[in-house]
Each structure stands twice: as C-alpha cells, then as structure tokens.
Number of protein chains: 4
Amino acid sequence: MIIITRQGVTDSELDHIRERVEILGMRTHISRGEHQTVIGCIGDDTLIQEVSLLSLPGVQQVVPVMKPYKLAAREFVAEPTVVRVGDVHGASIGGRELAVIAGPCSVEGREMLLASAEAVRSAGASLLRGGAYKPRSSPYAFQGLGVTALKLLAEVRAETGLPVVTEVMDTRQVEVVAEHADVLQIGARNMQNFSLLSEVGRIQRPVLLKRGLSATIKELLMAAEYIMAQGNRDVILCERGIRTYETATRNTFDVAAIPVLKQETHLPVIVDPSHAGGRADLVAPLSYAAIAAGADGLIIEVHPAPETALSDGDQSLAPAAFAALMKSLPPFAAAVGRTLDPQTLEVEVAA
Amino acid sequence: MIIITRQGVTDSELDHIRERVEILGMRTHISRGEHQTVIGCIGDDTLIQEVSLLSLPGVQQVVPVMKPYKLAAREFVAEPTVVRVGDVHGASIGGRELAVIAGPCSVEGREMLLASAEAVRSAGASLLRGGAYKPRSSPYAFQGLGVTALKLLAEVRAETGLPVVTEVMDTRQVEVVAEHADVLQIGARNMQNFSLLSEVGRIQRPVLLKRGLSATIKELLMAAEYIMAQGNRDVILCERGIRTYETATRNTFDVAAIPVLKQETHLPVIVDPSHAGGRADLVAPLSYAAIAAGADGLIIEVHPAPETALSDGDQSLAPAAFAALMKSLPPFAAAVGRTLDPQTLEVEVAA
Amino acid sequence: MIIITRQGVTDSELDHIRERVEILGMRTHISRGEHQTVIGCIGDDTLIQEVSLLSLPGVQQVVPVMKPYKLAAREFVAEPTVVRVGDVHGASIGGRELAVIAGPCSVEGREMLLASAEAVRSAGASLLRGGAYKPRSSPYAFQGLGVTALKLLAEVRAETGLPVVTEVMDTRQVEVVAEHADVLQIGARNMQNFSLLSEVGRIQRPVLLKRGLSATIKELLMAAEYIMAQGNRDVILCERGIRTYETATRNTFDVAAIPVLKQETHLPVIVDPSHAGGRADLVAPLSYAAIAAGADGLIIEVHPAPETALSDGDQSLAPAAFAALMKSLPPFAAAVGRTLDPQTLEVEVAA
Amino acid sequence: MIIITRQGVTDSELDHIRERVEILGMRTHISRGEHQTVIGCIGDDTLIQEVSLLSLPGVQQVVPVMKPYKLAAREFVAEPTVVRVGDVHGASIGGRELAVIAGPCSVEGREMLLASAEAVRSAGASLLRGGAYKPRSSPYAFQGLGVTALKLLAEVRAETGLPVVTEVMDTRQVEVVAEHADVLQIGARNMQNFSLLSEVGRIQRPVLLKRGLSATIKELLMAAEYIMAQGNRDVILCERGIRTYETATRNTFDVAAIPVLKQETHLPVIVDPSHAGGRADLVAPLSYAAIAAGADGLIIEVHPAPETALSDGDQSLAPAAFAALMKSLPPFAAAVGRTLDPQTLEVEVAA
C-alpha cells in the first residue's frame, strides 16, 4: 500500500500517518519529493484495509498494491483448477474439454424435465441444469417447485447419467440442495449474499458462481474468495452479462471478462449466453464468441417448448436449435485448442 | 397488455396468439391496421407475464400496460404511508416531520456505541443506526459483532430512548434481529435476496429497504412488493446511490428517484448521503439536495472518531460535523413545508 | 507521477524505466521496499503522459499525482470566477445571485420566441435560451432555423433586454453565432468535439459547456481546459444528467457533481433540470435539489405551448408552470445563502 | 405508432389526441378496452415524432412501431453491403473475406509510418490506419501532425499499395482528408457530431463510423442514417467498446452488438479490439471473439515500438505480436465460413 500525501503536508501530519500505519502492524518507508511525499507501507495490509486512512490530515490518495483476493488468485495456484463434478457419472470443468451445461430454466414437472435431459444429453451436453428455487423479480411469478423439483432432478440424473446443477437461494436450503444436486449455483442476484457464500463454502460440492448484475471482475473474485475461505475450493465462475445503458440486449455480455479472469485466477470460467443476450437468436453467436475468447464451458437454457415455458421462454432454445448449436461448436473449440467430445479426449490422452 | 404483431402476420398466427392469451384467462381485442395488427389483452395479466409471448410466431413486441406492483402502488393507497417505529419511545417516518437516523456503520463496542448514540440524539437525530452483521466485500474484513452488537443496541436504546435500525443479512437472523431492533434494514446487496425479503415480510417490524447497487426504481418497488405480499406493510425505501461509470463519487446519488418514487408509491422514501457520495465532505450538500427533492428523511453515518472506524471511515461524520449538519437542515426542510423538530410539530398539531 | 514496479523487477528493468522517465525531462527517486519498489517522478509530467510507461518491462501500475487540468483548477484561481454576460443589459453567472436561463428548446418563429422571452423575463429569468442549430438524433427531424433564428434571437434581445444563449455545433458556425449571441453553448454531444472547443476558445464570448452524455467530471474539466487553453477564460459548466441503466428518467441527474465541481474548479456550475429528468413534472424538484447542492444557476426549457413544440415538448414547462417554479425558488436560494433577485442583491451590495 | 391512454380518459381527451395525430397526416384507429383504450396511428410517423404526444391530457404511453432509420435498415437493402475501398489497389469490407485494417494510432513521422505499413502488409493486413488529427482528452497532449501526416499516408500508400484509413474531426478538414485518404474515420467522440456526419455524407469516400462511448446500437444506426441521407451509402460500422462501470478494461467490448447489428442493418460491421480492451494482451482474445460473433473485419493498432508511442502505447501491438495474431486468425474465420486470404478467395471464386 502506498500513501500519497497532499502538497504541504506537515511533519507532524506525516508522523501521525506513520504512527497509525505502524500500529496496524506494517512498516513504513517515507520518500520525500519536491512536490509530494509518498509513504510506502510494507507488510500484511489486511487490517489496514479496514480503517480510514483517507480521513487522516495530510493524506491525498491511498493506492493498494496487493490484490485483495488470495485463494482465488493465479499467483496462489499455478495450474488451472479442474473441478470434478458428480460421482458415478462424472464430468469436469476447466480441463481441455469444454463443458456444456443445458436444461430448462425451471423444473416444471417430471415429463418436461426428462424430455429436456434426454434432448440435451443426446445433443452432447455433459451436465443438466434446472431450477428448483427461482429468484423472480415479482412475488406473484412462478417461484419454482422447490424440494419436489430437487427430487425430480435426482431421479432424472439416475435415468440419464447427467450430473445436476441447480440454484440455491437461502442458507436454509443449502443442505437439502447439496443432498440432491451435484453443483450448487449461486445466482447473479445473490453474488454478494455473503451469508449464502459462506454457507456453500462449508460443504463439499462444487459451486457455480454467477457474476452479479453490476459486479466488477474484482468483486466476482472476492465472492469466490468468500466461498474458498471456508474451505470449498471447487468454484466455477460464470459470466452472464452485466447491466449497462444498452437495451437492445437483456444484459451486455462482457466477453473480455473471460481473458481477464483467466489472467487473474486459476478457477474455471464458463459463460451463460442465454442470460447474457436474453434472446434465443443470440445464443449461438455469443456461444461462439465465448469459446473463442477462452471460456471453459457454457450453460444454456433449453426447453422442450419455449413458448410455454413458465420462465425465460424468450431466451430458451428448443431441442432442435440446441442440437444444431452443439453441432456447430467443434470448429470454434478446435481453433482454441479445445474439444467438446469426451471420447476424442480420452483417445488422445491414451495415445 | 398489448401485443404488436409483425408486418405480414398470417391469420393462423393471429389465431394461435389469441388462443394462447385466452387460455391464460384474458380476453382479446384485435385491431387490424394497414401496416400492423395489434392485439389488446384484457384481464388479469399476472399469469401471462410468466410465459413467453415473444417466441410465438408473428409477435413483434409485447407492451405491458399495468404496473407489476400493486400493494406498493400509489393507486392502491391514496394517503402517504407513515411508518410508526418503536414502542415507548416512538418515531415516525413519512409524515410532515423529517426523520434523521444516525449512528456508526458498525457497532464496535459498548463505549463507542453509547458515545455515538448520545452524540446523535443531542444533535437531534430520532433513530440510531448501527451494524451488527456487516456485508463486507472481503471475507477477511471485520464482519460485525453479531448478537453481541444486537444486545448492545438494545441496551443503548434503553439508555437513550432512540429506536434502533440494524441490518439483517440472513433468513436465519431475522428472528433474533427482530427481537432486539425496531427497524430491520435490508442492505443494497440483498435487495433482490427474495428469500430474505419474504422472511422479513412475515414479521411485524418496519423494514428499511435499500435500493440495490444497480437496481431500477421499478425493481426497488418490486422488492417492496415482495415484503408487502407477505403481510408486512411497513416498508421504508432508501435511495443510496447507484453504480455508474463515474468514479469521482463512490456511487451516483440518483436524486430524481425521490420525486419519481413519490409519484409511484405511497411508501416513505429516505436517503443515505453517506453511501451515495462515499465522502464525508459530500454528506451535507447531498442531504440538502435530498430534502429539497422531497425525501422523508436521512440515514447518516456518524462515528466518534472516523479515522479509527473499522468500516466506512471515509464517509462517516464526526459528532461535531453531524451537529453542524443538523443545525443547517431546518431552512431546507422549511422550503419544502417540512420540519425537523418533533416539538414544533406537536405544537402545530395541537394548535 | 508514481510508478509502482512488479514484484521481482530487475535492476536493468529499473534502469531502463528510470532512463525513459529522465529523457522526458523528469527527475526520479527510487524507493525500494521488501515487496515492491516505487519510482517517484518529479517535474513537469505533461510530456510523460503521452508515452506508454505501462508497456515497459517491470512496470505494474502508474499513478498520476498531479491533476491533468491547470487553468480550470481551483488551485490556479483562488476566487470563484464570475462570468459577465452581455453588454448593455448585463447578467452574471457565478456570483451570489443565482442565474436562471430560460426559453424554448428551438426557435420556431418570431412570435413564439417573443412570447417565450416575455414570459420568462416577467417570471424573473435573467437570460434567454433558444436553439438555432439543433443536434437531433434523426436526420429527418427538425434541425433548427439556423441564421434566421440567430437574427430573431438578436431582435428579441433588443426588445426584452435579455442576453441570449444559443448552441453552436460546427466550427464554421462559431463566427456567426458569436456575432448574434451573448453566450455560446456547447451541447452534450459535442463536449469532446475538440476542434469546436478550441474554436470557441479563440473568441471573446462566454461559453456554456454541457457535460457529455457519459462524461466523467474529470473529462468535463478537461473540455473546459481545451477552451481556456486558447485564451477564453469565461466558461460556465453545466450538469445535465448522465447516461445510466435507469430508464425511469431520460438521464440520471448527478447532483453530487455540483459540490465535487465546486471543490475542483473555480468556474461557475449550473444545472439543466429539463434534460436531466426529461419530464416536465421533475423540473421543480430537480431545480430545488440543484440549488440546495450549491449550483450557481439553472437553464430551463419553457415553451408557450409544450404540446406543439417541435422538439423536447415532453420536458418543457408552459409559462404558468415556469412562473410558479420561479416563485418557489427563493427559500431554497436563501437556505444556501444565495438570492434570485438582482434588485435585492444590489441593495445589499450598496448597503 | 400506438398511443396507450390513461385509465378514465374522457371522450373529449380522446377527440383531442385523435385530432392532433390526424393534423400531422396520419390516420387513427381507436380500440376501446375495459381498462384501457388504445389509438393505433397509421401512416408516415416522421412528423409526429417531433411533437410531444406525452404532454397531451389522457396519454399514458407512446409506443413507436416503425424503426427510425430507413436507409440503414436491413429491410431497405436485402443484400449485405460490400464497401469497395481504394482505386488501383482495392480492398473490400463486408464480403466473405474478412478485412484487417492495421497501423499506428498516430502518424509520428515518415520512417515509423513506412515501417508500420510494411509490417502490417507483410503480416496480411489489407488496409493501413494512421491518425493525422488526434482527438486527445488533454489540450496539452500530442494532437497529430495534420496535413503533414496526410501527405505521408498518401506517400506510404503509393509505396505499399495499402489503402489508407484516417480520422476526420472537423467539417473544415473533410475536403483535405478526402483528397489524401481512402476511408474517412469518424471517431467515437464525434459519433453524434451531426454537422460532421452530414459533411462526410456529401463526399464520395467510404466512411468508417465508430460507435460512441455510450451510444446505443440504435443511435449508431441513426448516425449512419445521417451520412446516408446525404447520399453517401458506403458506411462501415465499428464496435469499439462502450463505457460501463467496469474498470478492469478500458471499455466494455459489446460483442453482442455484432449479431444485433447484422440483423438490423445491411452495412458491414468491424471491431476495434485495441480500444475495446485498451490492453495489448487482450487484442488477440477479443479479435477471436469478434470474428466468432460474425464481424466483417478488425481494426488494430500496431506500432513499431509501442513503448515509445506518442499515443495509445498501452494497447498497441508490436509488429511481431501482430504477425502472430494474423497467423492465428484463419481457424476462427473458417469456423464462421469466412476467409482472410484474398488469394484463396479468388481461387475459390474462379473455381
């Protein structure tokens, strides 16, 4: 941390600043210039981040030098993290093979869930998504089937072999969701629900953490740090578009977040093109862009009959459109040295 | 709800659209024009908001006509809601008298809390704020004293007579917070934590609902609707700045939200100038602007020694600065026909 | 300027960085720490701002210390600048008296302009606004009457005594506009039209510089600096709302920009509540907030018959509404120690 | 255009609204519902867009149905526009072959320009970029070499055969720039400089129109419409990132704008990954994403020695990095059915 002082800072002000920094366990190094004097602060700045240095007389600017996240930082883990999902029927996210998670926004019933799962599996998806608890902006909208949906997801996993990803919205749901699902999703609106982050940090299930509606990349990494600080290191980050002034799309897909995150962290990064664009016709081009920019996977909304969906129908793909999309992905994966086919991968690894 | 169809929509497409709308319980009225055909949909559109009409062939645009919030809407309650707070020592928010809530960001201990409470009371504040559970973006930062802080708040209320406002972050904390505090605050990061909104909707304590970091005014009202839909009608809205590209201030104080909210809802609207600007030197001008624009009150961070504060020191006022601010407010209140002095008000009411 | 180096920077990298800084005319001071080494750069950093230090091996972060604007900076001129407008019938902006500029968005004809001018003068406005050249987002929309409108403005000034403010959009128009108008306005969309800024910097007429649609406060000050660097020191800044995700208002009125600008610059700051909110019903509350936050004046759209206006009718006030607004302003002005009445002021000054 | 009236609109209000619409040359069709009455307006709505219908008593909402741009609209020209550039040594933008424009931010001298041109040509670029007039946010920064630079660009074109793209900032520069350059660039800060748009609309040179810092997709298309309305149909659109709250990148690259623009317009769309990310290390991943999402080309900053560049050094590629980038693009182009090599294309066309 570096403290830049105001022009004309007095010696007693400097002493006072230095004293406060040193009380908090850091050493200081003062560098006097003609126009400004700078105080370098050396040591663990965890404590000092919590006090207000800006309000000290003589301080003009405080420049943090260290990153505020540690466990999530690239520097902490040299190799990219590969998150293993599921037990019998496994999948992994973050390796050379791209992971595609697909399924309906909400679990509306057994039949539609099974139809969705079979459709996405046969098209090549490796995980099933489906909402049991739905964060809806209106209290009068469909809120999800809850535990009933969790049971259906577990049943359909048994039938199709697809590991299951589903959202958890409340600290009180963590246990029951972890019992039924393979990956717990934290939705965009809960990215800074710190109680929930800590709670999913205490279990041993991978967590899919979506970027908040207007979260910075740094805040997303800090949210991952919350989970990891409790012991759970299996965090998958998800870019799903951010809120901007542009209204042509539901959100603005921040494709540059992918390479930036890849530099900053060892955690896998996937993309949700359904929410990023909010329009079924944009899912394909945004998926291509995501893979081209280095994403480790995609999470896509697929519904057997989008026009009857109880939520997010405008952005859901019908099974045929999803199958066509999956067929079009391999050249993009190949262009970045990745693959979509587990079989291909295994053969290569064996060779 | 009005459905605008694409140019060249066919009769069978029109029939299909009409059929789906009528299945959902609404009546339709088709108006054919030279270039476009419009379908008016009459009836309760609650259900229809959940399905995807845009994905139906022939549909170009769907225009909602009704507001999605009902209990929070101006049309629902003609008179402005005045929220009564506390039992013995009461305060009220939303009436002619402006309410000032003040106190430290976090409860750091008994001594500092009592000092803060006495300072803000003697300066004229009518409620005490103080954080027991703190939403911090870093898991390594001070997270609040929890139940210990709640007990201190209750003690200090007993000593000073100031009703207490404190934040609740987790559904599991609602009961214990409601036991100790007079007003439960929902922080900006939890504005769309729908589980928490529903939970505080089931208790009988006023709720102070802060606008989310990038929430629209409509989303803020929908969040209030969540609480009200569970039975709790005592919701106080709080504008605290929104996230924009501007970095000169911590957030961008959306002062126009005050008159817009006053038109849309009967609920009281207060302003948090400490978070809106993020700088102690901006608290006074933003407070003046808030009152001038029609706010029903202010919530201000005051700390006995801002430079030692464990959180938000940069934006906290010292007791002397807060007292000076309080002295400067009456002319602004008078300019909008409001008052700050309960005594004055009582005399007037009696007269 | 301070250069923070990467962990593990080598001596030869340090030498290379130091050499480049010194070639550009600055002196350096290296401060080595355990984890980081910092290079303080002393001297005129104008040149160095133009090269890329970040691309030098070993550089992690570059922290500018000096402000990039000089002539506009508070430090450069201790006293607030008061801009004198007009010759015979003068007005001034930036003094204790608040200035109100009012009139139609566009000059649509002689009759409506005269009616507008008389209405705003009798209500107490001290300057007349009226567009001759209109920046319209559609090439098919009314573009203004051009030179005809300029002549009408000059005529109406002669009749009413109100100095005239009008927009200039093109470097080729500067001369003719300066010939007819008292204040040249630079619109939001041209705030970074640097050719135009330089051109109006070369004349001797006050310039009303509107903040760009998504300009930062710093960029607004840099735009003022462009004008001032050419010799014209009479710049009036205007906050008119910024672009955000919120759609309830046309723009988001950044009321905090007023006190921030007042700290950063000696130039006067006025507010355009008509564009900031984009709704006639918000003009009054936003005007109150602007004055309360310390604005030096207002610029308000007034049209004799808003529903027939050729531009911006939704946000224009009818004469009666404007007169009512003017009557309601004095208590807000008084609350900040300002006044609206030139007569009052003169008497006080004389006393 | 559809007008939605308020609940309880009176017959005389309806008559008044209808009358005003019909005076402006449109026919009306009233559809009365239980809760709302809707007025469909049929005919040319160009005129009506200029008046304020919202300020009429009884009007609640006005819903435009037609798009405000015509010449730029997909509906107007069925086939994608291919813009031909240059005379002897031609290039084209918008066809199956992707166009890569590359070169330095600013023309700093003959030697560096020639070195840049030769480097980008040998790496496979088909056009040369280079700034003669530079829009700089500081008046004290390097402003470009002006006419000297234009002459150098023309000389280097003669030597290398690369058509030249350069920015025009002032209506008075249009003639001289058109004399020396093959494509006139309108920079982001001038996207709504309507005088400049009209002026470049009157010449017969292709125009490269960059999206404004916070322009919507619709505003970008309206800016193109300005140029086209004057007769010049050769407009190339350029996405270069938008301004958001995120600070990890210089701008937020709105990759979804590419497929959205491709749906809305027949004009070619290219991407500037240098400005979108603002960091040299992001140029490659953003270029891949752009091509994957359907862009027709790229414009990339290349400087012989980025660390000495007089502008934008942080985001410029050195020649070797640019050559490596060019080598990595073909698989992405192939994945979307495009190519980068004119020779390949000609062979295919001949076959």
For A:Gly297, other-chain or 5+-apart residues with amide H closer than 5 Å (H placed, Pro excluded) are A:Ala99, A:Val271
Accessible-area loss of at least 50 Å² (1.4 Å probe, chain alone to full protein assembly) applies in region B:1-33 to B:Ile2
For the rotation taking chain C to chain D, the chain C residue with the nearest C-beta to the axis, plus the distance in whole Å, reads C:Ser214, 2
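Computed from the mean reciprocal separation of all distinct C-alpha pairs, what Kirkwood hydrodynamic radius does region A:46-148 have, in Å? Let's see the in-between values first.
Details: mean 1/r = 0.0538 Å⁻¹.
Mean inverse Cα-Cα distance, inverted, gives 18.6 Å.
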In whole Å, largest first, the alpha carbons of region D:86-140 cover along the principal axes 43, 24, 20
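So what is the accessible area of the protein assembly as shown per residue, in Å², with the probe set to 1.4 Å? Please list the in-between numbers first.
Working: 47320 Å² over 1404 residues.
For the protein assembly as shown, the per-residue accessible area is 34 Å².
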Taking Lys and Arg as +1 and Asp and Glu as -1, residues besides C:Gly124 with C-beta under 9 Å from its C-beta add up to +1
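Counting only other residues whose beta carbon sits under 14 Å from that of B:Glu111, what net charge do I get with K and R as +1, D and E as -1?
Working: positive: B:Arg110; negative: B:Glu108, B:Glu118, B:Glu155, B:Glu159.
Summing Lys/Arg as +1 and Asp/Glu as -1 gives -3.
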A correct Karplus calculation of ³J(HN,Hα) over region C:2-19, with 6.51 cos²θ - 1.76 cosθ + 1.60, θ = phi - 60°, whole Hz and x for Gly and Pro, returns 10, 10, 9, 9, 6, 4, x, 4, 8, 4, 6, 5, 4, 4, 5, 4, 4, 4
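Roughly how large is the C-A contact in terms of buried accessible area, totalled over both chains, probe 1.4 Å, nearest 100 Å²? Numbers along the way, then the final one.
On the way: alone 16050 and 16060 Å², together 30310 Å².
Accessible area lost upon association: around 1800 Å².
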By the Kirkwood definition, with r running over pairs of different Cα atoms, region B:180-258 has a hydrodynamic radius in Å of 12.8
Share of Cα-Cα pairs in the protein assembly as shown beyond 44 Å, whole percent, is 45
Rg/Rh over Cα atoms for region C:220-351, Kirkwood Rh, comes to 1.00
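If you take every DSSP beta bridge fully contained in chain C, what fraction is antiparallel? Give it as a percent rounded to 5. The partial results should precede the final answer.
Details: 18 of 45 bridges.
Taking every DSSP beta bridge within chain C, about 40 percent pair in antiparallel fashion.
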Expressed in angstrom, Rg and Dmax over the Cα atoms of region B:112-231 are 14.6, 40
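Which value in Å does the Kirkwood hydrodynamic radius of region D:161-305 take, with 1/r averaged over all unlike C-alpha pairs and then inverted? Please list the in-between numbers first.
Details: mean 1/r = 0.0651 Å⁻¹.
For region D:161-305, inverting the mean 1/r across all distinct Cα pairs yields 15.4 Å.
If you build the convex hull over the alpha carbons only and average its shadow over all orientations, what do you get for region A:244-311? Give it in nm² to one decimal.
Working: hull surface 21.6 nm².
For the Cα atoms of region A:244-311, the hull's average projected area reads 5.4 nm².
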In whole percent, the fraction of accessible protein surface over region C:233-303 that belongs to carbon or sulfur atoms, probe radius 1.4 Å, stands at 46
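Once you list every other residue whose beta carbon is under 9 Å from the beta carbon of B:Gly241, what net charge do they have if Lys and Arg are +1 and Asp and Glu are -1? Spell out each step's value before the answer.
Values: positive: B:Arg211, B:Arg240, B:Arg243, B:Arg250; negative: B:Glu239, B:Asp254, B:Asp272.
Counting the neighbours of B:Gly241, the net charge comes to +1.
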Semi-axes (Å, rounded, descending) of the ellipsoid equivalent to region A:238-281 per its C-alpha gyration tensor are 22, 11, 6
Taking a label point 7 Å from the Cα of C:Thr247 along Cα-to-Cβ, the residues of region B:194-224 whose backbone nitrogen sits under 17 Å from it are B:214-222
A convex hull over the alpha carbons of chain B yields, per residue, a volume in Å³ of 168
Contact-by-burial set, region B:209-238, min loss 30 Å², accessible area of protein heavy atoms with 1.4 Å probe, reference chain alone, gives B:Ser214, B:Thr216, B:Glu219, B:Met222, B:Tyr226
Computed from every Cα-Cα pair in region B:118-183, P(r) in 10 Å bins starting at 0 and rounded to whole percents is 22, 49, 25, 4
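The values are calculated or read from the model by the stated rules, or taken from the named source; none is laboratory data. It should be emphasised that the depicted structure is a prediction, and the values quoted were computed from it without experimental measurement. Positions of Cβ are backbone-derived with ideal geometry, glycine not excepted, and every protein chain shown enters the neighbour counts. Calculation scope for accessible area: heavy atoms of the full protein, side chains included, ligands and nucleic acids excluded. Shrake-Rupley method; radii C 1.70, N 1.55, O 1.52, S 1.80 Å.
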